[in-house]
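The values are calculated or read from the model by the stated rules, or taken from the named source; none is laboratory data. All of these numbers come straight from a predicted model, not from anything done at the bench. Counting neighbours? That spans all protein chains shown, and the Cβs are built from the backbone with ideal geometry, glycine included. What goes into the accessible areas is simple: the full protein's heavy atoms, side chains included, and nothing from ligands, DNA or RNA. Shrake-Rupley method; radii C 1.70, N 1.55, O 1.52, S 1.80 Å.
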Protein chains: 4
Amino acid sequence: MNIVVWNENRHEKLNPRVAEIYPKGIHGAIADFLSYAGHTVTTATLDEPDHGLTDQVLKEADVLIWWGHLAHDEVKQEIVDKVHQRVLDGMGLIVLHSGHFSKIFKQLMGTGCDLKWREVGERERLWVIDPTHPIVSGLDSYFELEQEEMYGEHFDVPVPDELIFVSWFEGGEVFRSGVTYRRGNGKIFYFRPGHETYPTYHNENIQKVIKNAVNWVVSSKGPQHQYGQAEPLENIVKKESLS
Amino acid sequence: MNIVVWNENRHEKLNPRVAEIYPKGIHGAIADFLSYAGHTVTTATLDEPDHGLTDQVLKEADVLIWWGHLAHDEVKQEIVDKVHQRVLDGMGLIVLHSGHFSKIFKQLMGTGCDLKWREVGERERLWVIDPTHPIVSGLDSYFELEQEEMYGEHFDVPVPDELIFVSWFEGGEVFRSGVTYRRGNGKIFYFRPGHETYPTYHNENIQKVIKNAVNWVVSSKGPQHQYGQAEPLENIVKKESLS
Amino acid sequence: MNIVVWNENRHEKLNPRVAEIYPKGIHGAIADFLSYAGHTVTTATLDEPDHGLTDQVLKEADVLIWWGHLAHDEVKQEIVDKVHQRVLDGMGLIVLHSGHFSKIFKQLMGTGCDLKWREVGERERLWVIDPTHPIVSGLDSYFELEQEEMYGEHFDVPVPDELIFVSWFEGGEVFRSGVTYRRGNGKIFYFRPGHETYPTYHNENIQKVIKNAVNWVVSSKGPQHQYGQAEPLENIVKKESLS
Amino acid sequence: MNIVVWNENRHEKLNPRVAEIYPKGIHGAIADFLSYAGHTVTTATLDEPDHGLTDQVLKEADVLIWWGHLAHDEVKQEIVDKVHQRVLDGMGLIVLHSGHFSKIFKQLMGTGCDLKWREVGERERLWVIDPTHPIVSGLDSYFELEQEEMYGEHFDVPVPDELIFVSWFEGGEVFRSGVTYRRGNGKIFYFRPGHETYPTYHNENIQKVIKNAVNWVVSSKGPQHQYGQAEPLENIVKKESLS
């Protein structure tokens, strides 16, 4: 499986705390544990030409992982449209944390994708809602992140196809933290945790979820539907008003 | 309830057959039976300034009904964005037939919204899949349209929140003909039938469905959620790494 | 609308604290605010003949509300089966709190309906997840119950048709507190709060939800489907192997 | 993967036509192509002790496939309850064709599971509705069965978690032919085709679907949730009325 991990990679340059937690960037950290799991992984970042997402890169990607925050607006619409088309064609997409406000996620959802937030380093506890889902394979009933940014409901997204996690936050909120969507031939997983100033992507449970998720979002090679004008498959009785 | 019926209103000018079936336009036919049902109904068409959808009109609309086909591209993006925002704010939206390819529907869905089609005047039979839904109130198990354009699966839309009708077509296809979606505070109903060269909107069952649908898509005045930074509702224990 | 409020009515007899909060029983408290809202409301309790649910009572009920806890086992299977059939025929059903373990709810769900629980009088905060749903009409983004029994995930029910509320609990759990299901021609709403030792059913928001819910679960008179052997609606070409 | 194929195995004894099509029984035909795909497959039939479903057999089964028709009533409730519990504990279940009326399926669904039917050997065309689902891997947009029994809507089941196929029938009906459900830790796939007098289980596409389905329904080893009384995970502030 070819996985591309896309990261804005700005916090890592601006905030020494982030660079300390993720010396190779958030993309590097994610690429490492996915490579270790046996996948072919490359990374791409905002400041590369075409944001690192050339036609060739996108064509060969089975799964794209997306982390962005500060610079959603700098992502060129042309690239967003290409990513969008690739998802519709069957590329899996995993959107992480503040990627909820990325152009690509909003364009796929059709909603504002807004939410409540607070950054005081409170405890988050993710409860497994769907124990049958491959994405929760190997997890316990819940797991905790000692410090995370809070995201709270209402989360302005369409009704998820599947609701996998709900988070409890110390400050009193809840959040649909793991949700899936189908768009065209593509599968999408949004996964909430991952604020840049906490070592979330070094957490073993978080890594399990993302490793499970790449296997779930990757295409299972269903039919490529034909659209447009179609000949009838059965005889149609000619009716009077058409004569 | 304030209902705005929007119609492209081009076929009516170009094709005498359409003008004969709908002397007041498709919008006029729909407005008539909804007015008769006691609603306050106005119409708006493509060639009016702002396509008839001024800020005032949109602000006062509780429900917008949309029919378009030939000229989706002529609808200004600025107006589409305003309609989109009004749906997210709670305005109900009913998208009819070839409106599946309208900018507003595609923008709300996030998919290509394509389908198979054929125009030979074949029989369509709409089967009620969800007998509990208010939109099928007063219907029998199925109803027929003697002649309609065929739309066939695969219909490239997100998984519907609710599947209300599935159509059988004489030529061998099936179609999810009545589907609902939530987007933000707004409810959306897509209803398949309504090709311009057949008297579909004069059909009693079709009128029942649309009359039921306006009552279903209209806002039930739920909460207007606050988004953005939020103070905690509970005490949060200060943790070491934040000091 | 004819509403029947069914209550086990045992805690009220055994626990003075409950009798103090609900002098007319939980059923009486619920019947009062629904009558006040203009509905025709009767009550039925476990120790009446047929548990108060005679064929006549069930036949005339548009909506049945169910509260039980201590004595689920004492509800006769024969009556459960009649209630089940009435739901399939279109009677609305609202199951409250500990009713999650009632025979009727388990039989409609097909699952164990188990959950985590704790009774220490902790705070519950119910967040509105679906702002478009008629059941949340008139509510704010969330509301609080200062003291309630905790119910925690995993809640062993089928994936809900609609997820309306998620609860946050002081002790660290979350719960899908308001969920809907369709079964046959009937609509079902499960609503979590309502422990007998707290004045939950006197809470204004709780009353709003239940008043909204009766209007939502009541049948909208869709088709009564015919089942069994059916004549073809179209010509079928005779094929060789059948001759 | 351990697969158990359960078959009533009565038509095979009563009808020479069925015995001719399925000399080893329907169970034998299904077991053959699944064995050939590399699975460990055993069969079980109604007339064996415990219907072939001893505690040991059920304990070791990862996936159970169920075909029944004439003799649903002869299946002992005690065995049904054991199968039900195994599904809730995570065993995958595939229910075929007339199994829609089996005790186990009805008990898992909570509805009547009735439908329209007709046996005249008409054409069925199964359209893929969800191209992203692993169960349709390797299929085209649709496939045909030249002769099958008709099952028509309304199909009295809960709203499916996923709708994978919709069938078109020559006689004018449609049917949700491939649907999934979660119950407890178990996944369920209902697949419509398979009338005993047609060689449906010898059809290559039908075999593909069932081979895909066993991989989908098999447990992905998510958490085994704990239920019942639970200690708080966070400090709870003692409140006055509890003193």
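Numbers below:
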{"quantity": "Label point 7 Å beyond Cα along the C-beta direction, distances from residue D:16 to other copies (nm, shortest first)", "calculated": "6.8, 8.4, 9.2"}
{"quantity": "Nearest beta-carbon to the C/D symmetry axis - residue in chain C, distance in Å", "calculated": "C:110, 2"}
{"quantity": "Long-range amide H partners of residue C:152 with built H, under 5 Å", "calculated": "C:116, C:117"}
{"quantity": "Nearest-0.05 FRET efficiency for residue B:74 and residue D:234, computed from C-beta distance (R0 35 Å)", "calculated": "0.05"}
{"quantity": "Chain C, relative contact order in percent, only Cα pairs under 8 angstrom and at least six apart counted", "calculated": "19"}
{"quantity": "Heavy-atom surface of the protein assembly as shown, accessible at 1.4 Å and reported per residue (Å²)", "calculated": "35"}
{"quantity": "Three-way shape call for the protein assembly as shown based on the alpha-carbon gyration tensor, with the a/c threshold at 1.5", "calculated": "rounded"}
{"quantity": "Charge dipole magnitude, Cβ of K and R +1, D and E -1 - segment B:98-156, Cα centre, debye nearest 20", "calculated": "280"}
{"quantity": "Fraction of beta bridges assigned by DSSP in the protein assembly as shown that are antiparallel (%, nearest 5)", "calculated": "55"}
{"quantity": "Under DSSP loop assignment and at most 16 Cβ neighbours within 10 Å, longest trypsin sites (Lys or Arg not before Pro)-free interval of chain C", "calculated": "C:77-220"}
{"quantity": "Order of exposure, largest accessible area first, which applies to A:35, B:141 with probe 1.4 Å", "calculated": "A:35, B:141"}
{"quantity": "Segment C:118-131 - phi-based ³J(HN,Hα) in whole Hz, Karplus 6.51/-1.76/1.60, Gly and Pro as x", "calculated": "6, 10, 10, x, 8, 7, 10, 10, 9, 9, 6, 9, 10, x"}
{"quantity": "Part-to-part distance (alpha-carbon centres) for segment C:186-243 and segment C:94-152, which is given in Å", "calculated": "19"}
{"quantity": "Buried solvent-accessible surface, both chains (B, A), 1.4 Å probe, Å² to nearest 100", "calculated": "3900"}
{"quantity": "Residue-level accessible surface for residue A:218, protein heavy atoms, 1.4 Å, Å²", "calculated": "30"}
{"quantity": "Label spacing, shortest first and in nm, from residue C:38 to its equivalents in the remaining copies (7 angstrom along Cα→Cβ)", "calculated": "1.2, 6.5, 6.5"}
{"quantity": "List A:133, D:225, D:69, ordered by accessible area with a 1.4 Å probe, largest first", "calculated": "D:69, D:225, A:133"}
{"quantity": "Dipole-positive endmost among B:199, B:157, B:134 within segment B:117-243 (Cβ charges, Cα centre)", "calculated": "B:134"}
{"quantity": "Peptide B:174-181, shielding by other chains (average Cβ, 10 Å cutoff)", "calculated": "3"}
{"quantity": "Residue B:200 - accessible surface, heavy atoms, 1.4 Å probe, Å² rounded to 10", "calculated": "10"}
{"quantity": "For C:182-192, mean number of other protein chain Cβ atoms within 10 Å", "calculated": "4"}
{"quantity": "Rounded if a/c under 1.5, otherwise prolate or oblate - segment A:37-127, Cα gyration tensor axes", "calculated": "prolate"}
{"quantity": "Shape of chain A, Cα gyration tensor, a/c cut at 1.5", "calculated": "prolate"}
{"quantity": "For residue A:142, solvent-accessible area (1.4 Å; no DNA, RNA or ligand), Å²", "calculated": "70"}
{"quantity": "Calculated label separations, residue A:227, copies of the chain, 7 Å along the beta-carbon direction, nm", "calculated": "2.7, 3.8, 4.5"}
{"quantity": "Efficiency of FRET from Cβ geometry, residue A:85 and residue B:50, R₀ 35 Å, rounded to 0.05", "calculated": "0.70"}
{"quantity": "Accessible surface ranking that places the most exposed of B:73, B:140 first, with a 1.4 angstrom probe", "calculated": "B:73, B:140"}
{"quantity": "Where Cα atoms sit under 14 Å apart: lysine pairs in segment D:1-149 separated by 8 or more or lying on different chains", "calculated": "4"}
{"quantity": "³J(HN,Hα) computed for each position of segment B:156-166 - Karplus, 6.51 cos²θ - 1.76 cosθ + 1.60, integer Hz, glycine/proline x", "calculated": "7, 10, x, 3, x, 5, 9, 10, 10, 10, 10"}
{"quantity": "Of all accessible heavy-atom area on chain C, the percent that carbon and sulfur account for (1.4 Å)", "calculated": "48"}
{"quantity": "Relative contact order of segment A:23-119, defined on C-alpha pairs under 8 angstrom at six or more residues apart (%)", "calculated": "23"}
{"quantity": "Amide H partners (placed H, <5 Å) of residue D:177, local residues excluded", "calculated": "D:165, D:166, D:167"}
{"quantity": "Set of aspartates and glutamates near residue A:208 by C-alpha distance (under 16 Å), chain-local residues within fewer than 8 positions excluded", "calculated": "A:32, A:130, A:140, A:144"}
